[in-house]
Structures are given as structure tokens and as C-alpha cells.
Amino acid sequence: MRVGASSGAVARTFGLVMVAGGVAVILGSLMSWAQITVPIAGTLTRTGIDSGADAVFCIVVGGVACLVGLRTVFVGAPSAQAPTERALVATVGVLGAVSAVFAAVAAKHVNDRLGSLLDHLPGFARGFVSGDIGAGIWVVLAGGVVIALAAAAEVLASREG
């Protein structure tokens, strides 16, 4: 059964959304995940890449999501008779959700580490030193959620077609 023109447009939209989520995950992995401001030293930042394997995993997931999303944009959604293609899209969605979970756990870890660091400072110094979770973690979390939702919507839409 051939998917109609409106279904094709919807599938392409899901593909573009998945590409946007993949780009967000990649960029978020390269952005600041933690920052500490010390009056004499200035602002010190740590990116997702500085944290190690979590960010590398997220970059790979973002790249694969971009490829799968672009495939949908240019070729169309997988048909209901193509379970392998649908399984690939579903797997990318699960990996997007895993990236979001990694980001949430990383945010908790960074928050705990910053709190521990600031607790070790003398009372008078706490007013001068500040630590924050970087924007990159939140961008990865949002991108992972977008990937997961776009993949789920694409799989469900291809099942109906």
C-alpha cells in the first residue's frame, strides 16, 4: 500500500524534527556542561567532551539520528511492510531516550559535585565563588527527547500507512 502525499509530508516533518534533535544532541555535547566562577581565576568551564564517554556516545547517537532523519526526508518513511527499517527508526528513538537519561544523570552528578566543592570552601569565600550546570546538558536532554518522540511518531505513522 502506497503512503499518500499528506502522509509523506508528515513523515518528512518527523524526519526534519529528528535531524534537529540530532543536531541539538551533537551541539549540546560540545557545549559547556559545568562552569565555576572564581573572582581571581575567572570562569572555568568543562564541556561534555571533557567528561568522556557519555558525550561521545551522545555525539554518535546525534549523528545516527541525523542520518536516519535525512533518510526519511529524502526517501520517505519506512512502509508498514518494512519491519527492519521501522526497527532501525525505533532503535534510534530508544538511543535518543538513553541520551536524555545520560544528560539527566550528568546534570545530577554535576550538581552534586558543585555542591560538594562549594561546601568545602570557607564561609566568607562562598559568596564569591559560584558554580552552575552548563547549558550543554540541557540541550542534550532536549535533543534526546525530541529524537525519541520523532522516532516514536514516525514508527506509529508508518504502521498506520
Going through (1) among the polar types (S, T, N, Q); (2) within 27 Å of S32 (Cα to Cα); (3) under 24 Å from the mean Cα position of the chain (by Cα) one by one, S116 fails only at (3)
Only unsatisfied item for V110, checking (1) under 18 Å from I147 (Cβ atoms); (2) of a type outside the set (S, T, N, Q); (3) touching a residue at least 24 places away in the same chain (Cβ under 8 Å), is (1)
Restricting attention to the stretch 12-58, the residues that are open to solvent by less than 60 Å² (accessible area, probe 1.4 Å), aliphatic (A, V, I, L, M) and farther than 17 Å from A148 by Cβ number exactly 4
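The values are calculated or read from the model by the stated rules, or taken from the named source; none is laboratory data. This structure is a prediction, so every number in the text was calculated from the model and none was measured. Cβ sites come from the backbone with ideal geometry, for glycine too, and all protein chains shown count toward neighbours. In case anyone asks, the SASA skips ligands and DNA or RNA and just uses the protein heavy atoms, side chains included. Shrake-Rupley method; radii C 1.70, N 1.55, O 1.52, S 1.80 Å.
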